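Quick notes on the structure that follows.
The values are calculated or read from the model by the stated rules, or taken from the named source; none is laboratory data. None of the values given here were measured: they were computed from a predicted structure. When we count neighbours, we look across all protein chains shown, and the Cβ atoms used for this are built from the backbone with ideal geometry, even at glycine. Please note that ligands, DNA and RNA were not included when accessible areas were found on the heavy atoms of the full protein model with its side chains. Shrake-Rupley method; radii C 1.70, N 1.55, O 1.52, S 1.80 Å.
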Amino acid sequence: AKGSLTKSYRAATDSRIRRACLWAIGNFKDDATADLLREALNKEESYFATVAATRALASIGGDKAFDALKDSIGKTSWQEVITASIFHGFAHAKEKRAVELAIEQSKYGQPVPTRVAAIGCLGTLGKELNKDGKDDRVVDHLIELLKDKNIRARVSSIRALGKIGNKRALPALREAQQRE
C-alpha cells in the first residue's frame, strides 16, 4: 500500500490526490516515510498538501521530524495554514519541545492565524506539563496574553488556560471577565 501511495503521490497532478496520498502515507511510521514527508514539506506546491505532510510528519515524531517542522515555521502560505498546521501537529503529538516555539510565535506581531494556533498548542502542551507541575512558564505567558490587543489571541488564551486547568490562572481570568 505504501508503495502505491508513494507512486500515486509522485504521479498525481491534482493537489487533492497528492494531499490524500500524503495523509495516508503518514500512517507508515518509518524513516523512508519521514524522508518523503520532509521532501513534500519543502517542495510541495499546494499549501494544503503541505499541510497534510506537516500533520503526518508531526504524528511520526522524532528528532528529524521536529527539526524539519521547526525549520518550516514561518513558511509563506495562504492564511498561514502551514505554520498553523505545524502547531496543530505539535499539539496532537504532544511534542513538549515545541513550547518555546509556540511561546515565541504567539507573541504580538506574529500573524494572527499563527498566534491562535500557537496559543492552542500551548493549551495542549501546558495540560501535559501541568501533570508534572511544570506548566508555570506556559501559564504565565497565557495570563499575559489575556491583556493582548487582539481579541482572537485573548479568546484563545482563555481557552488554553481552561484546558490546562491551573488554578493559579483564576484571578487573571476573573479580571479578564470584568474587563471584557
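Computed values, structure above
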| item | result |
| --- | --- |
| Yes/no for Glu128 being acidic (Asp, Glu) and either modelled with pLDDT of 95 or more or in contact with a strand residue (DSSP E or B) (Cβ under 9 Å, 6 or more places away or on another chain) (or both) | no |
| Entirely in region 106-180, the helices (runs of 4 or more DSSP H) that have 1 or more residues that are more than 29 Å from Thr76 (Cα to Cα), open to solvent by less than 10 Å² (accessible area, probe 1.4 Å) and polar (S, T, N, Q) | none |
| Cβ-Cβ under 8 Å pairs, at least 6 apart or on other chains, region 26-49 side of a type in the set (Gly, Ala, Ser), far side open to solvent by 60 Å² or more (accessible area, probe 1.4 Å) | Gly26/Arg55; Ala34/Lys64; Ser46/Arg19; Ala49/Arg19 |
| Inter-residue pairs, beta-carbon under 8 Å, first within 13 Å of Ala40 (Cα to Cα) and in region 1-21, second open to solvent by 50 Å² or more (accessible area, probe 1.4 Å) and assigned to a helix (DSSP H, G or I), 6+ apart | Tyr9/Ile17; Ser15/Phe48; Arg19/Phe48; Cys21/Ser8 |
| Any hit, region 124-133, residues being within 12 Å of the chain's Cα centre (by Cα) and under 26 Å from Gly26 (Cβ atoms) | yes |
| Any chance Arg137 is at pLDDT below 95, over 18 Å from Ala34 (Cβ atoms) and in contact with a Leu (Cβ under 9 Å, 6 or more places away or on another chain) | yes |
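Residues checked against (1) open to solvent by 50 Å² or more (accessible area, probe 1.4 Å); (2) modelled with pLDDT of 90 or more; (3) in a helix (DSSP H, G or I); (4) in contact with a helix residue (DSSP H, G or I) (Cβ under 8 Å, 6 or more places away or on another chain):
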| site | (1), (2), (3), (4) |
| --- | --- |
| Lys7 | yes, yes, yes, no |
| Cys21 | no, yes, yes, yes |
| Lys29 | yes, no, no, yes |
| Asp35 | yes, yes, yes, no |
| Arg38 | no, yes, yes, yes |
| Phe48 | yes, yes, yes, yes |
| Arg55 | yes, yes, yes, yes |
